[in-house]
Amino acid sequence: TFPGRFERLIEDFFKPQFAEGSRMAYPPLNVSEDETAYYVRSELPGLPLEALDLTLTEKSLVIKGERPTEQGKYYRQERPAGFFQRVVALNVPVDREAVRATLVDGVLTVILPKCAQCIPRKISIDVA
């Protein structure tokens, strides 16, 4: 039928250009470090704080949440909706009591301070 073919034509036109199986993990993460801490940053625009759950286990940081599904008929939908979970493996010890998280302008930042015993320190050499 013509309406069915027209809908397929519109769907094909608005289909993303990348391969169907190559979707990027959501939410995207940046993991970095400096001398004192590790940083996990994730863009979560429009997601309320109540929709997020952070869990620090012995070996990982788990970021879970749910973005509500917006109702309507879409010709293109690139903003993911529904439940998501990202697990960041922690292969290094962190100061668990000092971990902090903020959500500012849609960017979640988790600061994982390095444990004091793990921070490299200079060793002075005594001359005998």
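The values are calculated or read from the model by the stated rules, or taken from the named source; none is laboratory data. All figures in this text were calculated on a predicted structure; none of them were measured in a lab. Backbone-built Cβ (ideal geometry, glycine too); neighbour counts: all protein chains shown. For the accessible areas, the whole protein counts, side chains as well, though only heavy atoms, and no ligand, DNA or RNA atoms are used. Shrake-Rupley method; radii C 1.70, N 1.55, O 1.52, S 1.80 Å.
If only one of 31, 62 is within 14 Å of residue 109 (Cβ to Cβ), within 17 Å of the chain's Cα centre (by Cα) and either aromatic (Phe, Trp, Tyr) or modelled with pLDDT of 80 or more (or both), which one is it?
Working: 62 fails: within 14 Å of residue 109 (Cβ to Cβ).
Of the residues listed, the single one that is within 14 Å of residue 109 (Cβ to Cβ), within 17 Å of the chain's Cα centre (by Cα) and either aromatic (Phe, Trp, Tyr) or modelled with pLDDT of 80 or more (or both) is 31.
When the test is whether a residue is in contact with a Leu (Cβ under 9 Å, 6 or more places away or on another chain) and more than 30 Å from residue 120 (Cβ to Cβ), residue 50 does not pass it.
So residue 7 clears everything in (1) at pLDDT below 80; (2) loosely packed, with under 10 Cβ neighbours inside 10 Å; (3) not in a loop (DSSP other than H, G, I, E, B); (4) not hydrophobic (A, V, I, L, M, F, W, C) except one condition, right? Which one? For residue 7, the failing item is (2). Note on segment 65-88: residues that are open to solvent by 70 Å² or more (accessible area, probe 1.4 Å) and not β-branched (Val, Ile, Thr) amount to 13. Taken over segment 51-87, the criterion of being in contact with a helix residue (DSSP H, G or I) (Cβ under 6 Å, 6 or more places away or on another chain) and within 20 Å of residue 30 (Cβ to Cβ) is satisfied by 65 alone.
Looking only at segment 91-128, residues that are in contact (Cβ under 8 Å) with a residue 40 or more places away in the chain and open to solvent by less than 90 Å² (accessible area, probe 1.4 Å) come to 15 in all.
So for segment 60-67 (the condition being out of contact with any Cys (no Cβ under 6 Å at 6 or more places or on another chain), over 22 Å from residue 115 (Cβ atoms) and hydrophobic (A, V, I, L, M, F, W, C)), does at least one residue qualify? Scanning segment 60-67 turns up no residue that is out of contact with any Cys (no Cβ under 6 Å at 6 or more places or on another chain), over 22 Å from residue 115 (Cβ atoms) and hydrophobic (A, V, I, L, M, F, W, C).
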